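K.L.:
A single structure is presented below for examination.
Every read-out reported here was derived from the displayed coordinates using simple, explicitly stated rules and does not represent laboratory data. What you are looking at is a predicted structure, and each value in this text was computed from that prediction instead of being measured. Ideal geometry is used to build each Cβ from the backbone, glycine not excepted, and the neighbour counts take in all protein chains shown.
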Amino acid sequence: MRAIEQVILRTLLFTLVCVALTVSLSTLIALLLLKVRQAVRIIVMSALVFVWTTPVIVSVDIWQWMFDYEFGVINYLLTQLHVGNFIHHNWFDDPIQGWSVFVVIVVWGAIPFVTITLFAGLLQVPSDVVDAAHVDGAGAWQRFWFVTAPMLKPIFLIVTCLSTIWDFGVFTQIYVMLNARPSADYYTIAIYAYRESFGVTQYGLGAAIAVVLVLVLVVVTFFYVRETVKVAEIA
């Protein structure tokens, strides 16, 4: 398999995992926010907004310190909890572990926006419809799957499209975490295009890779705009 094919497949897999985790976890958090007291809700929402508004560079620097192989708090905690010997453990020596770290970082940064958006949508779901389903004997999962989820379908599509756009073009998190020297195992399409253009000065290949990235994002953006227009028309 050629390098560009590996990069595309790697980027697609990374995007799929990140989007699935982001939407799933955000939905769970949004549903939980409906059940908690107002004070708890305010605290959680404030924390989400804080994470959301933190610049990517700043948050990645914090993650870089947490996963540092010498002084990282993650290695220290895992060792103290007897999960294993993580002293001087470098998470990025193994691509699977390294990509797991990047999934955590990207999902962590994406959850606030998606959660707040879904929570706003949940507030618009008529409570009498949900209560009627409950009276008819529907369980919590059935009420969500057959009543709430269909009503939130446009919002789910919008946040999924946005998450796909952001995750497919991820660059900063990987580039900064690896100190601007990512190995070939950590190339996404964006990093590969940058490396070919400015690393080895193959501007033609770099431009071609960038065009592939743009075309994919244009397709996803088309669906995003279409769903946004549908939501506006319904409103």
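K.L.:
If you go through the stretch 116-133 one residue at a time, do you hit one that is among the aromatic types (Phe, Trp, Tyr) and surrounded by 15 or more Cβ atoms within 10 Å (Cβ to Cβ)? Outline the logic, then answer.
P.N.:
Initial filter on the stretch 116-133 (among the aromatic types (Phe, Trp, Tyr)): 119.
Narrowing the set further to residues that are surrounded by 15 or more Cβ atoms within 10 Å (Cβ to Cβ) leaves 119.
Yes, because at least one residue in the stretch 116-133 is among the aromatic types (Phe, Trp, Tyr) and surrounded by 15 or more Cβ atoms within 10 Å (Cβ to Cβ).
K.L.:
Say whether the condition of being buried (at least 18 other Cβ atoms within 10 Å of the Cβ) and over 30 Å from ILE96 (Cα atoms) is met by at least one residue in the stretch 210-226.
P.N.:
Yes, the stretch 210-226 contains at least one residue that is buried (at least 18 other Cβ atoms within 10 Å of the Cβ) and over 30 Å from ILE96 (Cα atoms).
K.L.:
Between residues in the stretch 207-224 that are over 15 Å from ARG195 (Cα atoms) and residues that are outside any helix (DSSP H, G or I), which pairs lie under 8 Å by C-beta distance while being six or more apart or on different chains?
P.N.:
Hits for this filter: LEU217/GLY169.
K.L.:
Oh, and also: One residue is enough: does the stretch 142-163 have a residue meeting the conditions within 16 Å of PHE102 (Cβ to Cβ) and either touching a helix residue (DSSP H, G or I) at 6+ places or on another chain (Cβ under 7 Å) or in a helix (DSSP H, G or I) (or both)? Steps first, answer last, please.
P.N.:
Our first condition is that a residue be within 16 Å of PHE102 (Cβ to Cβ); within the stretch 142-163, this holds for 163.
Then keep just the ones that are either touching a helix residue (DSSP H, G or I) at 6+ places or on another chain (Cβ under 7 Å) or in a helix (DSSP H, G or I) (or both); that gives 163.
Looking through the stretch 142-163, at least one residue is within 16 Å of PHE102 (Cβ to Cβ) and either touching a helix residue (DSSP H, G or I) at 6+ places or on another chain (Cβ under 7 Å) or in a helix (DSSP H, G or I) (or both).
K.L.:
Could you list all residues from the stretch 106-141 that are part of a helix (DSSP H, G or I) and over 25 Å from VAL44 (Cα atoms)?
P.N.:
So in the stretch 106-141, the residues part of a helix (DSSP H, G or I) come out as 106-123, 127-135, 140-141.
Passing the criteria: ASP128, VAL129, ASP131, ALA132, ALA133, HIS134, VAL135.
K.L.:
Could you check the stretch 1-97 for helices (runs of 4 or more DSSP H) lying wholly inside it with 1 or more residues that are in contact (Cβ under 8 Å) with a residue 40 or more places away in the chain and of a type outside the set (Ser, Thr, Tyr)?
P.N.:
3-35, 38-53, 56-66
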